[in-house]
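Engineer: Just passing along the structure, written as C-alpha cells.
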Amino acid sequence: GGVGVPVRATDGGGGGSCRRQAGTRELSEAERDELEDMLRALSVSRAVIRDAMGWCLEKADASHEVVETLADALTLSETPVPKKVARLFLLSDLLHNSAAPGVPNASAYRLRIERELRPVFA
C-alpha cells in the first residue's frame, strides 16, 4: 500500500542475537498494514487518536518501526495539513504515555521519537 504512507521493506532477518534492545521487534506484515491503514484514516477525533495510541502502546516492543512509519507519514508533502495535525496529536500522546507505568517497553518510544523525528522538525 502506498496511499499516504510508504511501505517499508524489511531486511527479512530475525537477527541472530538472543538479547534485543527494547522496541526492536519488527512488525508483522499484517501489523504494518494495520498501522499504515490507521495512519491514513487518522483524524483529530479524540477517540480515533486514543485508539491509535492504544494500538501503538500494545506494540511498544516494535516502537522503532512504529516511530519510523509515523515519521515517514509526517514528512509526506502531499499529506493534507489536518491529517498531519492528527498524526502530531498521536505523536504527542505517545510521548506523554511513554512514561506510563505497567506498559512494557513504552519508555522505548521516547528515545525512538527523539532519534527519528529530528528531521521532521528541522
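What follows draws every value from the coordinates through simple rules; no lab data is involved. Here the structure is a predicted model, which is why all the values come from computation and not from measurement. When we count neighbours, we look across all protein chains shown, and the Cβ atoms used for this are built from the backbone with ideal geometry, even at glycine.
Engineer: Would you work out the relative contact order for the stretch 37-122, in percent, from Cα pairs under 8 angstrom that are 6 or more residues apart?
Structural biologist: Relative contact order, the stretch 37-122: 37 percent.
Engineer: Among 56-67, 36-47, 77-88, what's the highest-first ranking by average C-beta atoms within 10 angstrom per residue?
Structural biologist: Top to bottom by mean Cβ count within 10 Å: 56-67, 36-47, 77-88.
Engineer: Right, another one. Using unit Cβ charges (K, R positive; D, E negative) and no other charged atoms, how large, in debye to the nearest 20, is the dipole of the stretch 47-122 about its Cα centre?
Structural biologist: Value, rounded to 20: 220 debye.
Engineer: Diagonalise the Cα gyration tensor of the stretch 51-122 and give the resulting equivalent ellipsoid semi-axes, square root of 5 times each eigenvalue, largest first, whole Å.
Structural biologist: 21, 13, 10
Engineer: When Lys and Arg each count +1 and Asp and Glu each count -1, what net charge do the other residues less than 9 Å away from Leu74, Cβ to Cβ, add up to?
Structural biologist: +1
Engineer: With r defined as the distance between the Cβ atoms of Ser45 and Ala122 and R0 fixed at 25 Å, what FRET efficiency is calculated, to the nearest 0.05?
Structural biologist: Step by step, r from the Cβ atoms, then E = 0.30.
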